[in-house]
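First up is the structure itself, then whatever we jot down about it.
The values are calculated or read from the model by the stated rules, or taken from the named source; none is laboratory data. These numbers come from a predicted model, not from an experiment. Cβ coordinates were reconstructed from backbone atoms using ideal geometry, including for glycine residues, and neighbour counts include every protein chain displayed. Just the protein is used for accessible areas: all its heavy atoms, side chains included, with ligands, DNA and RNA removed. Shrake-Rupley method; radii C 1.70, N 1.55, O 1.52, S 1.80 Å.
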Amino acid sequence: MPGLARIAPDSGASASAAVGATVHDIDPDLGRRPDPLALVIFGASGDLAHRKILPALAQLATRGSLGEEFAVVGVARSDWDDEGFRDVCRTLAPDGSDGAWDRLVDRFRYVAGDYSDDTTFTRLAEILDGFDTAYGTAGNRVYYLATIPALFGTVAGALAKHGCNRPGSGGRFARLVVEKPFGSDLASAKTLDASLHDAFREDQIFRIDHYMGKETVQNVLALRFANSIFEPIWNRRYVDHVQVTVAESLGVEHRGGFYETAGALRDIVQNHVMQVLSLTLMEPPSSMDADGIRDEKVKLLRSVLVPDTDEAVNNVVRGQYERGTIHGEDVPGYREEDGVAPSSQTETYVAMHLLVDNWRWAGVPIYVRTGKRLAARATEVSMVFQRPPHLPFAGKLARDLRPDTLTLRIQPDEGISLSFGAKVPGPAFRVRTVAMDFSYAEAFPGGTADAYERLLLDAMTGDATLFIRSDEVDQAWEIVAPIQEAFQEGEPPLAHYRAGGWGPVEADRLIEGGGRQWRNP
Ligand code: BG6
């Protein structure tokens with residue numbers, strides 16, 4: 001897996017000079033360069049392109065990670081022209097940009113048009129052929145679908161109809177990059193996949209879950225499989241339970257309308273939580289290549305006990321935030337947000353208790369929670385270890401002792417901490433919990449690449465390791481399906497929580513019922 005192995009900046013076929021950068025400028029950790037190619041962004045005038053994809057591309061250009069034989073076409077319905085698109089892109093030049101991005105943007109083209117209109121795609125195909133001649137993009141194509149999900153099938157179908165699902169003349173690849181959500185339930189995910197597979201083979205499709213691009217999510221693999229001390233205790237004999245928290249302090253922002261159709265279960269649990277969980281709990285892969293890792297992830301997901309609807313009601317809490325205060329600022333309740341129905345039943349919080357039915361994890365409770373407008377932004381996984389079989393310093397001498405816990409802090413304040421008991425200095429033999437901390441920022445000053453930078457580069461270099469295979473998507477939908485069904489029937493009743501807290505009291509009861517407590521970041 002390139003993320004774990006360093007690849008020389010000038011390795012292989014990517015040895016051409018970068019736009020505006022010399023080889024020694026290349027960040028060794030992002031040293032791979034894609035082969036010559038043209039990148040097409042559908043939805044180029046939209047929010048995702050503007051906030052994530054184009055800034056990531058600008059960073060890659062500035063780091064010297066794009067070859068000379070590279071060019072971009074934006075496609076969208078907005079009535080822009082080439083120069084209008086370029087002007088927008090120029091505003092995204094990163095701090096410290098040395099002009100590489102601006103020079104690249106000079107070659108950007110824009111196609112304004114409807115996705116169901118053939119002329120949109122004939123113009124696109126002409127421009128791409130022109131790129132091959134003008135910039136040596138060699139018939140290789142990457143198509144990024146940054147449109148609304150309802151258009152994924154339409155665009156994929158139109159690309160196939162115009163022969164764009166195959167490389168252009170002399171090319172080696174044509175890839176399709178798709179963003180979540182991958183359907184809204186199992187049936188719609190299968191329908192979407194069928195329409196994508198009508199146009200592209202599975203090995204051409206790169207499904208993005210941006211959590212997989214986060215360094216600290218990938219670090220779960222390093223922690224587990226690059227060390228010898230953790231794996232022996234990573235199982236039911238030592239682990240009492242596992243907690244996964246994806247907490248956000250933000251609300252639904254300007255996306256109330258979208259969120260009404262999603263809710264926390266679809267928006268976060270089916271994808272980000274299942275991805276983090278599968279990397280944390282899967283068996284060691286036989287190799288770090290794309291299918292080695294994805295096979296193990298999907299195996300783990302298949303081992304998650306799918307609750308029936310009744311079990312789902314008893315093991316899941318769904319909540320919605322009410323007005324409250326976060327970091328000293330008054331914030332409205334969910335039902336007061338723009339685009340949200342005044343009597344909305346959409347959940348902004350989910351907590352659940354899962355079980356993984358395999359040799360390693362049988363009987364170990366997995367507690368998961370995610371919510372918006374919580375007290376802090378924090379994503380973390382905690383392995384909470386069993387208490388020692390016998391505590392010689394029982395009673396008040398050990399009253400401040402919590403179970404040993406290894407916490408993987410995915411964001412913010414990325415790092416790992418291990419908390420354990422230590423003797424409090426003094427004449428009495430008192431034991432208290434203390435922590436040993438590894439901080440990414442301290443160990444690796446200089447920051448880490450944004451998830452989109454990493455994933456965009458991987459899609460362009462053809463490394464599918466961090467992308468989601470269709471069987472993973474289906475399996476994750478299988479797990480949440482009974483819960484979706486229960487929610488549709490209004491079960492369990494919606495619990496309300498104050499913005500700025502840690503979620504509904506029902507979620508505390510869920511974990512306390514098993515004699516445990518949430519570990520608040
Ligand atoms: C997105 C969800 O997938 O992830 C958003 O649609 C959520 O609702 C976001 O806010 C969280 O991502 P991050 O990287 O900020 O944790």
The percentage of the accessible area of the stretch 212-512 (probe 1.4 Å, all protein chains present) made up of carbon and sulfur atoms, to the nearest whole number, is 52
Using a 1.4 Å probe and ignoring any ligands, DNA or RNA, find the accessible area of D330 and quote it in Å² to the nearest 10.
110
Can you tell me, using C-alpha contacts under 8 Å and at least 6 residues apart, the relative contact order of the stretch 23-179 as a whole percent?
27
Step by step: find N for the stretch 212-512, compute 2.2 N^0.38 Å, then divide the Cα radius of gyration by it. What's the final number?
1.05
Which value results for Rg/Rh of the chain when Rg is the Cα radius of gyration and Rh the Kirkwood radius based on the inverse mean 1/r?
0.99
Can you tally the net charge around T407? Count Lys and Arg as +1, Asp and Glu as -1, for every other residue whose Cβ sits under 9 Å from the Cβ of T407.
+1
Rounded to the nearest 5, what % of the DSSP beta bridges within the chain are antiparallel ones?
55
In Å, what is the Rg of the alpha-carbon atoms in the stretch 23-179, and how long is Dmax?
14.8, 45
Simple Cβ-charge dipole of the stretch 422-470, Lys/Arg +1 and Asp/Glu -1, about Cα centre, in debye nearest 20
540
Karplus-derived 3J(HN,Hα) from phi for the stretch 438-450 (6.51 cos²θ - 1.76 cosθ + 1.60, θ = phi - 60°), whole Hz, x at Gly and Pro, runs 10, 10, 4, 4, 6, 6, 10, x, x, x, 10, 5, 5
Shape of the stretch 244-358, Cα gyration tensor, a/c cut at 1.5:
prolate
Could you check how much of the accessible area of the stretch 23-179 is carbon and sulfur, as a whole percent, using a 1.4 Å probe?
47
Between the DSSP loop rule and a limit of at most 16 other Cβ atoms within 10 Å, which chymotrypsin sites (Phe, Trp or Tyr not before Pro) in the stretch 422-521 are left?
F429
Return the loop-located trypsin sites (Lys or Arg not before Pro) in the stretch 146-184 (DSSP other than H, G, I, E, B) with at most 15 other Cβ atoms within 10 Å of their own Cβ; answer none if there are none.
R172
Where the centroid of each part is defined by its Cα atoms, how far is the stretch 289-356 from the stretch 146-172 in Å?
33
With all protein chains in place and a 1.4 Å probe, R266 shows an accessible area in Å² (nearest 10) of 60
Give the separation of the Cα centroids, the stretch 69-137 to the stretch 249-288, in Å.
32
Could you give the size of the charge dipole of the chain about its Cα centre, using +1 on the Cβ of each K and R and -1 on the Cβ of each D and E, expressed in debye and rounded to the nearest 20?
1780
Quick one: how many Å² of K396 are accessible to a 1.4 Å probe, rounded to 10?
140
With the cut-off at 1.5 for a/c, could you classify the stretch 196-265 from its C-alpha gyration tensor as rounded, prolate or oblate?
oblate
Ordering K297, K423 by accessible area with a probe of 1.4 Å, largest first, what comes out?
K423, K297
Checked against the positive end of the charge dipole of the stretch 212-512 (+1 on Cβ of Lys and Arg, -1 on Cβ of Asp and Glu, about the Cα centre), the farthest of Q488, L277, G426 is G426
Return the whole-Å distance between the Cα centroid of the stretch 439-476 and the Cα centroid of the stretch 504-520.
32
Relative contact order for the chain: what is it in percent, counting Cα pairs under 8 Å that are at least 6 residues apart?
16
Going down the list K214/K299; K161/K190; K52/K299; K180/K372, which pairs span over 26 Å between their C-alpha atoms?
K52/K299
Starting from the Cα of K396, draw a straight line to each of the aspartates and glutamates and keep only those under 20 Å, dropping any in the same chain fewer than 8 residues away.
D404
Within the stretch 212-512: Cβ-based charge dipole about Cα centre, in debye rounded to nearest 20 (Lys, Arg +1; Asp, Glu -1)
1420
Using θ = phi - 60° and the Karplus form 6.51 cos²θ - 1.76 cosθ + 1.60, what ³J(HN,Hα) does each residue of the stretch 142-158 get, whole Hz, x for Gly and Pro?
10, 9, 9, 8, 9, 8, 5, x, 4, 9, 3, x, 4, 5, 4, x, 5
In the neighborhood of V424, defined by Cβ-to-Cβ distances under 13 Å, what is the net charge if each Lys or Arg adds +1 and each Asp or Glu adds -1?
+4
Accessible area per residue, Å², the stretch 212-512 with all protein chains present, probe 1.4 Å:
42
Kindly provide the GluC sites (Glu not before Pro) of the stretch 233-332 that DSSP labels as loop, not H, G, I, E or B, and whose Cβ sees at most 12 other Cβ atoms within 10 Å.
E253
With the dipole of the chain defined by +1 on each Lys or Arg Cβ and -1 on each Asp or Glu Cβ, the option from F444, G67, A138 whose Cα lies farthest towards the positive pole is F444
